[in-house]
Amino acid sequence: MSFQPVKFYQTGTFTVGNRLLPPEERSVQASAKRYNSINSGHRACQGCGEALGARYAIDAAMEAADGQIIAANATGCLEVFSTPYPETSWQIPWIHSLFGNTAAVATGVAAALKVKRQKGQGGDVRVVAQGGDGGTTDIGFGCLSGMFERNDDVLYICYDNGGYMNTGVQRSSATPPAARTATTMAVGPEPGNVFGQGKFVPAIAMAHDIPYVATATVADLRDLEAKVRRAMEIRGARYIHILVPCPLGWGTASHDTIRMARLAKETGIFPVFEAEHGEIKSVLTIRRPLPVEEYLRPQKRYAHLFGKNPAVETIAHIQALADRNIRKYRLEARQGSH
Amino acid sequence: MFQVRIHGRGGQGVVTAAEMLSVAAFDEGRHAQAFPSFGSERMGAPVVAFCRISDREIRLREPIMEPDAIIIQDPTLLHQVDVFAGLKQDGYILINTNKTFDQLGLGDMIRDWRQERLCTVPAMELALKHVGRPVPNVPLLGGFAAIAGVLKIESVIKAISERFSGKVAAGNIAAASEAYAIVIAEMEAARRKENQHA
Amino acid sequence: MLKQTEGSRAVAEAVALCRPEVICAYPISPQTHIVEALGEMVKDGSLAPCEFINVESEFAAMSVAIGASAAGARSYTATASQGLLYMAEAVYNASGLGLPIVMTVANRSIGAPINIWNDHSDALSQRDSGWLQLFAETNQEALDLHIQAFRLAEELSLPVMVCMDGFILTHAYERVDMPTQAQVDAYLPTYEPRQVLDPADPVSIGAMVGPEAFMEVRYLAHAKQLQALERIPAFAAEFRQIFGRDSGGLTHTYRTEDAETIIVAMGSVLGTIKDVVDEMREEGHRIGVLGITLFRPFPIARVREGLQGAKRVVVLEKSMAIGLGGILSTNVRMALSGLHMHGYTVIAGLGGRAITKKSLHGLFREAGQDALESVTFLDLDWNMVNKQLEREKAHRRSGPVAENLLRDVGVVAARNY
Ligand SMILES: Cc1ncc(C[n+]2csc(CCOP(=O)(O)OP(=O)(O)O)c2C)c(N)n1
Ligand code: SF4
Ligand SMILES: [Mg+2]
């Protein structure tokens, strides 16, 4: 058994910007020369997970592509808060067309670039499409699936905050069960969102057998960066689904965004993994799974579960879903391994 | 017709304040129209809401460009937004602050204003004290009932209890009532001072 | 019962009183508050039996409404702007099939550039879709028109769009008189479909029609709208009997007797116009208003009758036929063909630009002196426009128009209230 050298400096996932690490281990954001693809001054809420996720993801993509990125963006919070015309936060070429056609717009951009390359015009410019969960799992789903099926050379990033936040927090097909939204109010015999069958788009993306699918959260930003980097090494359709807590829609404190993302992972509510050609290649393991209650309780969208008469059954149901994720994706770290 | 413009930031209940003003006016049997500034602003961004109160049906649909009164929910806006734009000569100003107009840097602007029309109320503190949340909108409505004399404090209280219930309603009523008392006292003091000068 | 409430809430309550059986919707500003309220009523059981379906797109929303209506359910949805365009294929389909769906359109502009504010471009883009289109002037009228819309739709077996100005009405808190359930029940009989998918009596809905009959099917759609034109005044009269107020109908005139100048408009701007007309009347101007409630079918005869005594007609519209001028005004002109009078088109309030009393005073005075251009753009900033035109002349890569213009006005002016 070999000993690890003692490190007299702080390391680990909590210290994304650590400049004391060896250069190859540093986060993209640690570099003074980071791209700032989405610049400060945008109009997101304080503590917006989507803004954070986009910043890390796009900068990592930019770094991997040597600054040669064109981005397509669906209608939604990210689009609205980043482009309060005439100001724009985007330091990269960026197009917003509609809500439901982003994957197709990106496909078009990629096709044009391909033709240009064949004509010897323009270099190796890569395409990133991005949208919220609504723009991805609902209205843009048809176009997304088409893009996957054709294996178009696009990296699609979904920022999942579990609802249509831009229009005032309505339910999307990514809204978790029991969560209150403006269209699934906490009233009636089954308050909050329904327990449907769920629609976990990463798994559906995997079913297309595309070269790369990954999930990530804004709690593990180095992991997120690494996945974007990995995705950029691959050609064809790629999909990264990032869980991005939304203080407004979830009813959480702005300073709790990262904590909420971490709890989603540590309870098994949101499995974090990586898959190639439809097969899971790695997972972020959970050392000691936390009860879902720790994740649910701080969020106002679940407040109705915890009043005077706690909704024990509902909480147990959610716990069962998390437990199933842990089993299905083999999230629990086995004793002795790291 | 009496026209009020409310300035604040997204998340401070600016639109709710305008709506509640309109409900208070309705409860007095008057016509009222409240509407927001229709932006797509996020929490923290400057927002505006409007309220018209009249004894006749209100048909006008333009934004309020020449208000009779301005309520400022967030004094940090004073240096960011032209909040006083179009305010009628000797219109009413109510600011959520524990500073004076001079301390806010507004001394020059209001020199010749009728002093009893310039009021401040520490609405944020009142909200924290009575409701436990930093939402200044409702206490300011109490203050508003005191300044312009357009609405009775009883109507504001009624509107509060229609909007909220239980502890939140009680807290807001207490906060609004205290704000009302503070502003009444302020105006009295200003009037006395003006009389001395006269 | 009189109450002070938000326009969206009032409409939601009125729709609920109509006992809809299937509601499907996809959120888009400024429609959201309406369907949120309905969703809550269904969920807490106060609106029952009713299915509220959160669909994945507007295209799906209208498609679900089509299925539900064909299966005999009273169906309702709401949308605006991009959402209406997104469902366009299904919008035409619903009317082509003759399904009596009621839809609220919370009027909003159409991008690009993306803009969430009010004008009438969305609804008017569907003017030839075969839907009936009603425009509300106030929240009271919006509420009333929904009740009439279900009646109209089901009697005629045609879909009806109730248009209300986004934000200006949907988000305004004002006084409305909410009818009782008994009143609405007295006005609106239970839905008796003309066609229904029923295993007991199977029919095919939506079969292909070739050249041998397609023209006739289309003509019948037109004929049905003409029938609607005849019957709507009767529906409005009956509404008056039960609810005690005037709402709906074809057109409404205001101070048009002896008017030399008549302003024609639709929607909430009529209120502001009436205020200006009152003020100008006091100064001795002979001016009046013709408000259009029913845009489709277009009440040609009634409009002609209302305007023929005037010397000039000013059509003020929140829409635009790019490359031609106005949409509403083109329709009005058709009603006036052969009459000798001055006709002016005024495009105003696009994308939420405020239409102020001050601007209207100036405009109507100019019109009174026949000093208006035949097509006028109210409060257009010519400086901004010319600057861009010059930029385009000077540079091949002049850049995105919207960004250039907003840079020219500067950030501060771009923030409006
Ligand atoms: C066809 C169409 N329908 C509806 C809308 C209204 N709309 C704009 S953004 C949005 C919600 C966006 O939700 P999501 O994609 O999850 O992104 P988020 O704002 O939550 O980041 C909706 C419903 C639209 N712009 N276009
Ligand atoms: S609403 Fe949510 S997603 Fe949108 S900007 Fe605010 S925090 Fe971000
Ligand atoms: Mg979302």
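The values are calculated or read from the model by the stated rules, or taken from the named source; none is laboratory data. As the structure is a computational prediction, the values presented were derived from the model and not from experiment. Reconstructed Cβ throughout: ideal geometry from the backbone, glycine too, with neighbour counts over all protein chains shown. Each accessible area value is taken on the protein alone, full model and side chains, heavy atoms only, with ligands, DNA and RNA left out. Shrake-Rupley method; radii C 1.70, N 1.55, O 1.52, S 1.80 Å.
Structure data summary
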{"quantity": "Overall form of segment C:81-195 per C-alpha gyration tensor (a/c, 1.5; a/b vs b/c)", "calculated": "oblate"}
{"quantity": "Global form of segment C:251-377, assessed from the alpha-carbon gyration tensor, a/c cut-off 1.5", "calculated": "rounded"}
{"quantity": "Size of chain A as Cα extents on the principal axes (Å, biggest first)", "calculated": "68, 54, 39"}
{"quantity": "DSSP beta bridges in segment C:2-243 [antiparallel fraction, %, rounded to 5]", "calculated": "20"}
{"quantity": "Estimated FRET transfer efficiency (A:V194, C:Q195; beta-carbon r; R0 35 Å; 0.05)", "calculated": "0.65"}
{"quantity": "Antiparallel %, DSSP beta bridges [both residues in chain A], to 5", "calculated": "25"}
{"quantity": "Amide H contacts under 5 Å for C:T376, placed H, 5+ residues apart", "calculated": "C:T345, C:V346, C:I347"}
{"quantity": "Cα-Cα pairs of segment C:313-357 separated by more than 14 Å (percent)", "calculated": "49"}
{"quantity": "Value of relative contact order over segment B:2-197, rounded to a whole percent, pairs C-alpha under 8 Å and six or more apart", "calculated": "21"}
{"quantity": "Calculated Rg and Dmax of chain B using C-alpha coordinates, Å", "calculated": "15.7, 49"}
{"quantity": "Shielding by partners, peptide C:24-31 (average Cβ within 10 angstrom, other chains)", "calculated": "5"}
{"quantity": "Whole-number accessible area per residue in Å² for segment C:251-377, which is evaluated in the context of all protein chains at 1.4 Å", "calculated": "40"}
{"quantity": "Karplus-derived HN-Hα couplings along segment C:152-166 (A = 6.51, B = -1.76, C = 1.60, θ = phi - 60°), whole Hz, x at Gly and Pro", "calculated": "4, 4, 6, 5, 9, 6, 9, x, 10, 9, 9, 9, 9, 5, x"}
{"quantity": "Per residue value of the accessible surface for segment B:120-159 (all protein chains in place, 1.4 Å probe), Å²", "calculated": "36"}
{"quantity": "Computed [θ] at 222 nm, deg cm²/dmol, chain B (DSSP H ≥ 4; -39,500 (n - 2.57); rounded to nearest 500)", "calculated": "-13000 deg cm²/dmol"}
{"quantity": "Amide H contacts under 5 Å for A:S27, placed H, 5+ residues apart", "calculated": "A:N18"}
{"quantity": "Reduction of at least 50 Å² in accessible surface, 1.4 Å probe, comparing all protein chains with the chain by itself, residues of segment A:126-152", "calculated": "A:I139"}
{"quantity": "Long-range Cα-Cα pairs in the protein assembly as shown (distance over 47 Å), rounded percent", "calculated": "31"}
{"quantity": "Residues of segment B:84-126 with amide N under 12 Å of a point placed 7 Å along Cα→Cβ from B:A190", "calculated": "B:90-95, B:101-102, B:110-121"}
{"quantity": "Estimated distance in nm for a label pair at A:K300 and C:L389, the labels positioned 7 Å out from Cα along Cα-to-Cβ", "calculated": "5.1"}
{"quantity": "Choice from C:A207, C:A348, C:A65 showing the highest fluctuation, given a GNM over chain C with Cα pairs closer than 10 Å", "calculated": "C:A207"}
{"quantity": "Average accessible area per residue (Å²) across segment C:3-147 - probe 1.4 Å, nucleic acids and ligands excluded", "calculated": "25"}
{"quantity": "Pairs from B:K99/B:K152; B:K167/C:K43; A:K227/A:K265; A:K199/A:K328 whose Cα-Cα separation, in the structure shown, is over 18 Å", "calculated": "B:K99/B:K152; B:K167/C:K43"}
{"quantity": "By average C-beta atoms within 10 angstrom, highest first, the peptides C:296-306, A:264-274", "calculated": "A:264-274, C:296-306"}
{"quantity": "Sites C:Y219 and B:L128, calculated FRET efficiency, Cβ-Cβ separation with R0 56 Å, nearest 0.05", "calculated": "0.20"}
{"quantity": "Partner aspartates and glutamates for A:K33 [C-alpha distance under 17 Å; skip if fewer than 8 residues away on the same chain]", "calculated": "A:E24, A:E25, A:D59, A:E63, A:D66, A:E225"}
{"quantity": "Global geometry of segment B:86-180, whether rounded, prolate or oblate, following the gyration tensor of its Cα atoms and the 1.5 cut on a/c", "calculated": "oblate"}
{"quantity": "Interface area, A with C, accessible, probe 1.4 Å, both sides summed, Å² nearest 100", "calculated": "2100"}
{"quantity": "From phi via Karplus (6.51, -1.76, 1.60), per-residue ³J(HN,Hα) for segment C:331-341 in Hz, x at Gly/Pro", "calculated": "5, 5, 4, 4, 6, 9, 4, x, 8, 9, 7"}
{"quantity": "Cα-based reach from C:K357 at 26 Å (exclusive), listing lysines while leaving out same-chain residues under 8 positions away", "calculated": "B:K88, C:K274, C:K311, C:K318"}
{"quantity": "FRET efficiency, 1/(1 + (r/R0)^6) with R0 45 Å, evaluated for B:Q103 and C:E283 via beta carbons", "calculated": "0.45"}
{"quantity": "Loop-located trypsin sites (Lys or Arg not before Pro) in segment A:87-177 whose Cβ has at most 13 other Cβ within 10 Å (DSSP)", "calculated": "A:K119"}
{"quantity": "C:G98 long-range amide H proximity, modeled H, under 5 Å", "calculated": "none"}
{"quantity": "Protein accessible surface hidden between C and B, which excludes ligands and nucleic acids, total in Å², probe 1.4 Å", "calculated": "2500"}
{"quantity": "Sulfur and carbon atoms: percent of accessible area, segment A:265-338 [1.4 Å]", "calculated": "48"}
{"quantity": "Per-residue mean of C-beta atoms belonging to partner chains within 10 Å, peptide B:53-65", "calculated": "6"}
{"quantity": "Of all DSSP beta bridges in the protein assembly as shown, antiparallel share, percent nearest 5", "calculated": "30"}
{"quantity": "Amide N proximity, segment C:238-275 versus C:D379 label position 7 Å along Cα-to-Cβ, cut-off under 18 Å", "calculated": "C:265-275"}
